[in-house]
1. Regarding PRO190, is this residue of a type outside the set (A, V, I, L, M), surrounded by fewer than 20 Cβ atoms within 10 Å (Cβ to Cβ) and under 26 Å from TRP238 (Cβ atoms)?
2. Give the range 243-264 a look and list any residue that's within 14 Å of VAL153 (Cα to Cα) and surrounded by fewer than 15 Cβ atoms within 10 Å (Cβ to Cβ), or say none.
3. State whether one or more residues within the range 76-84 are assigned to a helix (DSSP H, G or I) and on the phi < 0 side of the Ramachandran plot.
4. Return the residues of the range 161-194 that are basic (Lys, Arg), closer than 22 Å to TYR116 by Cβ and assigned to a helix (DSSP H, G or I); say none if nothing qualifies.
5. Identify the single condition in (1) farther than 22 Å from LYS180 by Cα; (2) among the hydroxyl-bearing types (Ser, Thr, Tyr); (3) assigned to a helix (DSSP H, G or I) that THR135 does not satisfy, given that it satisfies every other one.
6. Give ASN105, ASN140 a once-over and let me know the one that is part of a loop (DSSP other than H, G, I, E, B), farther than 22 Å from ILE280 by Cβ and not charged (D, E, K, R).
7. With in a loop (DSSP other than H, G, I, E, B) and charged (D, E, K, R) as the only criterion, which of ARG54, ARG50, ARG36 stands out?
Amino acid sequence: MQLRLFDPENPLRERFSESFFRRLPTSPGVYWMQDRFGRVIYVGKAKNLRARLRSYRAKKFTSLPIKTQRLLLNVHEIHWEETPDEMAAFLLESEYLRALRPRFNVIGTTSGSYSYFSFSESDEGFTLELTVGHTPESKNRRVFGAYRGIASVRYTHAALARWLWVNARGRCDWPVLFYKPLLPAHVFIPWSANEGSPNEISREMIPAYIEVYLLGFAPLPEIILPDDEPSPLLQMIWRDDQIRLARFFHSCESLRRLREKFHLGDRPLSISEVDDLRIIAREASRRHFEYLCDN
């Protein structure tokens with residue numbers, strides 16, 4: 001092991017003069033750092049751009065985390081963009097992170113995993129579809145989302161399809177495929193020749209129940225198995241489905257609250273919109289907490 005006689009100098013002091021940092025604005029904004037090849041390697045936000053960037057230069061190099069040391073060793077250019085306020089800086093940073101995916105950023109470089117439900121009704125039956133990762137076309141069908149996560153949404157999709165089958169057909173005459181925990185993304189449920197449902201839900205009301213559920217206004221009516229379905233396997237599937245549908249309703253409610261807070265109606269939201277709205281809501285909660293602590 002070789003000991004250093006002198007601590008290494010902070011690279012920013014060698015590459016950027018004090019006058020460079022004095023010229024920086026004191027307003028909120030976003031800054032990005034580039035390496036010697038011009039590649040963006042880090043994006044950050046600041047309430048005060050001058051104070052934030054100066055902090056990189058002022059600190060003793062060896063006191064910084066190893067990752068920050070590696071970042072500063074690679075920085076050859078620094079650029080910035082001012083924003084009207086700190087919230088705008090949050091949103092602009094989020095946009096740049098998703099677009100540029102810088103090497104030294106870990107959080108926020110990819111959008112969360114989001115999914116959408118869509119359904120349509122015809123004389124032959126009911127179609128339920130799950131789309132992952134992008135907004136589906138809304139032609140001739142109703143689209144809901146974006147819901148965060150993939151696994152929980154896929155299990156909910158299967159539970160919702162089974163709920164639809166029993167209420168649309170009045171019995172559990174499922175195909176073998178429906179006994180699986182996960183179903184194909186596209187599911188068609190044919191209407192039954194028999195009128196009515198074991199849960200006394202009319203055919204015309206089924207789409208309305210699905211809509212108010214996925215929009216986060218009300219949970220689905222509890223599923224009651226027909227008397228002639230005593231199978232232990234069916235009972236277990238129903239119980240698990242009830243739990244999954246109830247849990248997923250919390251996600252629907254959360255998305256509804258975001259829509260109402262920002263007056264977005266009930267249209268499907270894009271993935272970037274949901275990401276940005278969550279950033280805004282999280283920052284508002286942080287500010288409220290700080291206000292409570294100060295008062």
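The values are calculated or read from the model by the stated rules, or taken from the named source; none is laboratory data. Everything quoted here is computed from the prediction, not taken from an experiment. All Cβ positions, even for glycine, are placed from backbone atoms using ideal geometry, and neighbour counts span all protein chains on display.
1. Values: of a type outside the set (A, V, I, L, M): yes; surrounded by fewer than 20 Cβ atoms within 10 Å (Cβ to Cβ): yes; under 26 Å from TRP238 (Cβ atoms): yes.
Spelling it out, PRO190 is indeed of a type outside the set (A, V, I, L, M), surrounded by fewer than 20 Cβ atoms within 10 Å (Cβ to Cβ) and under 26 Å from TRP238 (Cβ atoms).
2. Passing the criteria: ILE243, ALA246, ARG247, HIS250.
3. No, the range 76-84 contains no residue that is assigned to a helix (DSSP H, G or I) and on the phi < 0 side of the Ramachandran plot.
4. Of the range 161-194, the ones basic (Lys, Arg) are 162, 169, 171, 180.
Cutting the leftovers down to closer than 22 Å to TYR116 by Cβ gives us 162, 180.
Of everything in the range 161-194, just one residue is basic (Lys, Arg), closer than 22 Å to TYR116 by Cβ and assigned to a helix (DSSP H, G or I), namely ARG162.
5. (3)
6. Criteria check complete, one pass: ASN140.
7. Of the residues listed, the single one that is in a loop (DSSP other than H, G, I, E, B) and charged (D, E, K, R) is ARG36.
Condition check ((1) at pLDDT 90 or above; (2) closer than 30 Å to GLN34 by Cβ) across all residues:
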position: THR110; (1), (2): no, yes
position: SER115; (1), (2): yes, no
position: SER118; (1), (2): yes, no
position: SER122; (1), (2): no, no
position: LEU182; (1), (2): yes, no
position: GLU200; (1), (2): no, no
position: GLU204; (1), (2): no, no
position: ALA208; (1), (2): yes, no
